[in-house]
Amino acid sequence: MCMNVRDDLRFISTTIEANLRYAESKHTAFIVFNGVATFGSFGLVRNLNLDSDAWLTHLVLATAIFFLICAIITSIYSFIPVIHKNNAHATPASDNALFFEHAKSHSVKSYEQLLCAQYLFNPESITPLDRCIILQIIANAKLASRKFALFKRVAVFDLAAVTFALSGTMLALAKLK
């Protein structure tokens, strides 16, 4: 069975880059959503006409705004470029070469061994350019993994913000009755 190594590596690279772009688009959407929610929340707090004993409502809504701001900062942080040092280690040959969470933990050598053992690549057919593509695959896999990990934090911040905002709204409505 003869496989075209370069075409396969480009396919793998395209797949991992698609995951990276997806993670970046999720962060962009959350920056926009959280920015709008933050400005709306500031307007809501400013326009609330509560009596002086409504400090708890203001505190709860301020906490929601705090979590929204934390979510925005976390999403923006995901766009800061990161240069990863080579801290890879050999991983099992059963790894999926397309999955960025598996690819990120490889070195060029171990990823090459994975391709040869698992996907029947011929070791002699891998050129220096192919090794550069493998290095790019690993770098993009690390970036995608980082962005998805940060996305989980953004989601937690947003969930906390929504919970506090709903609690504050309920407290404000209870005060008005």
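State all residues of segment 1-36 that are in a helix (DSSP H, G or I), over 20 Å from the mean Cα position of the chain (by Cα) and not charged (D, E, K, R); if no residue qualifies, say none.
Result: Val5, Leu9, Phe11, Val36.
From the list Thr57, Thr38, Thr14, which residue is of a type in the set (Val, Ile, Thr) and under 21 Å from Lys152 (Cβ atoms)?
Of the residues listed, the single one that is of a type in the set (Val, Ile, Thr) and under 21 Å from Lys152 (Cβ atoms) is Thr38.
Can you give me the number of residues within segment 125-142 that are part of a helix (DSSP H, G or I) and in contact (Cβ under 8 Å) with a residue 40 or more places away in the chain?
12
I need every pair where a residue in segment 149-177 that is part of a helix (DSSP H, G or I) and modelled with pLDDT of 90 or more has its Cβ under 6 Å from the Cβ of a residue that is surrounded by 14 or more Cβ atoms within 10 Å (Cβ to Cβ) and among the aromatic types (Phe, Trp, Tyr), sequence separation at least 6 or different chains.
Val154/Phe30; Phe157/Phe67; Ala160/Phe67; Ala161/Phe67
Mind checking which pairs have a first residue in segment 3-18 that is touching a residue at least 40 places away in the same chain (Cβ under 8 Å) and a second that is among the acidic types (Asp, Glu) and not in a loop (DSSP other than H, G, I, E, B), Cβ under 8 Å, 6 or more apart or different chains?
Val5/Asp130; Arg6/Asp130; Leu9/Asp130
What are the residues in segment 155-172 that are over 15 Å from Ala62 (Cβ atoms) and surrounded by 16 or more Cβ atoms within 10 Å (Cβ to Cβ), if any?
Asp158
Does His102 meet the test of being outside any helix (DSSP H, G or I) and either more than 30 Å from Gly40 (Cβ to Cβ) or modelled with pLDDT of 90 or more (or both)?
No; evaluated as a whole, the condition is false for this residue.
Scan Ser145, Ser75 and give me the residue that is farther than 30 Å from Asn47 by Cβ and either part of a loop (DSSP other than H, G, I, E, B) or modelled with pLDDT of 85 or more (or both).
Criteria check complete, one pass: Ser145.
The values are calculated or read from the model by the stated rules, or taken from the named source; none is laboratory data. Quick caveat: nothing in here was measured; it's all calculated off a predicted structure. In this analysis, Cβ positions are derived from the backbone assuming ideal geometry, glycine residues included, and neighbour counts consider all displayed protein chains.
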